[in-house]
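Notes follow once the structure below has been shown.
The values are calculated or read from the model by the stated rules, or taken from the named source; none is laboratory data. All of these numbers come straight from a predicted model, not from anything done at the bench. Neighbour counts run over all protein chains shown; Cβ positions are idealised from the backbone, glycine included.
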Amino acid sequence: MQIDWFPLWLSLRVAAVSTILSFCIGLALAYILANRTFRGKELLDAAVTLPLVLPPTVLGYYLLVAFGRESILGRLHETVFGSPLVFTAEAAVVAAIFHSAPLLIKSARAALESVDHTYEQAGRTLGASELRLFFEVSLPLAWRSILAATALAFARALGDFGVTIMIAGNIPHRTQTVAVAIYDAVEAGNGQTARVLVLVISAVTLLILTLANRLGSGFLPTRQGVR
């Protein structure tokens, strides 16, 4: 039996790229939600949470409409890059970001809110800027929890199906991720291929979750003191 490993490699690449982008975007949003008070904060928090509770196909439909060729974002992408976004590997990355970033944002916000803010207050009395406080005080105190959340976001991006198939489709050797390939194999009656891919993706995800658990159980100073 010859297994086509392209869907697995594509899923790993998509998950890696989307996690890097989700980390950069998500950390900024988590910091804003954890440390700023402004009008519309609750709405922003609800918008961040929405992809976690919406059915993946509904989220995928929103993205398909938002990035379709007739939309403003779709036309902008085609103008800049010379090709449509939908039904490409880049669309799979977009799907993975919207599917996994909310988990990272919510977890990173909780981690930033849990650190002992007396360290930050001490830094302010010494004249440190907010940006310096974030990178030299808040982030080092919460980094293990944030890395754990990043690992979970990677695992979530790796296993996405509903959002990906809506906006990226199921094109072999182009947009077919491992979750879509498993579905395709089952539909075609190719149980052996489906079982191999299921076992491999389960093993990879188990390793990621084990790493996330080890990171998440690390030292984290809190307002209540040192545990």
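crowded, with 22+ Cβ neighbours inside 10 Å, modelled with pLDDT under 90 and assigned to a helix (DSSP H, G or I): which single residue out of Ala122, Ala142, Ala108, Ala95 fits that description? After ruling out the rest, the residue left standing is Ala142. Candidates in the stretch 1-39 are the residues that are surrounded by fewer than 21 Cβ atoms within 10 Å (Cβ to Cβ) and hydroxyl-bearing (Ser, Thr, Tyr); of these, the one that is nearest to Val94 (Cα to Cα) is Tyr31. The single condition among (1) in a helix (DSSP H, G or I); (2) at pLDDT 90 or above that Thr175 does not satisfy is (1). Any residue that is in contact (Cβ under 8 Å) with a residue 24 or more places away in the chain and of a type outside the set (Gly, Ala, Ser) - is there at least one of those in the stretch 34-43? Looking through the stretch 34-43, at least one residue is in contact (Cβ under 8 Å) with a residue 24 or more places away in the chain and of a type outside the set (Gly, Ala, Ser).
When the residues of the stretch 162-211 are filtered to those that are among the hydroxyl-bearing types (Ser, Thr, Tyr) and surrounded by 21 or more Cβ atoms within 10 Å (Cβ to Cβ), the one that is farthest from the chain's Cα centre (by Cα) is Thr175.
Is it true that some residue in the stretch 20-38 is farther than 18 Å from Ala111 by Cα and of a type outside the set (A, V, I, L, M, F, W, C)? No, there is no match, as no residue in the stretch 20-38 is farther than 18 Å from Ala111 by Cα and of a type outside the set (A, V, I, L, M, F, W, C). Restricting the first member to the stretch 194-205 and to residues that are farther than 14 Å from Leu158 by Cα, and the second to residues that are part of a helix (DSSP H, G or I) and of a type in the set (Gly, Ala, Ser), the beta-carbon pairs closer than 6 Å and six or more apart or on different chains are Ala194/Ala185.
Considering the stretch 162-173, the residues that are touching a residue at least 60 places away in the same chain (Cβ under 8 Å) and touching a helix residue (DSSP H, G or I) at 6+ places or on another chain (Cβ under 7 Å) include one that is nearest to Phe67 (Cα to Cα), namely Ile167. Does Leu21 satisfy being free of Cβ contacts under 8 Å to residues at least 60 places away in the same chain and over 23 Å from His117 (Cα atoms)? It is false that Leu21 is free of Cβ contacts under 8 Å to residues at least 60 places away in the same chain and over 23 Å from His117 (Cα atoms). Against the conditions (1) more than 30 Å from Ala181 (Cβ to Cβ); (2) surrounded by 15 or more Cβ atoms within 10 Å (Cβ to Cβ), Ile72 satisfies every one except (2).
Tallying residues that are touching a residue at least 60 places away in the same chain (Cβ under 8 Å) and part of a helix (DSSP H, G or I) within the stretch 54-92 yields 11.
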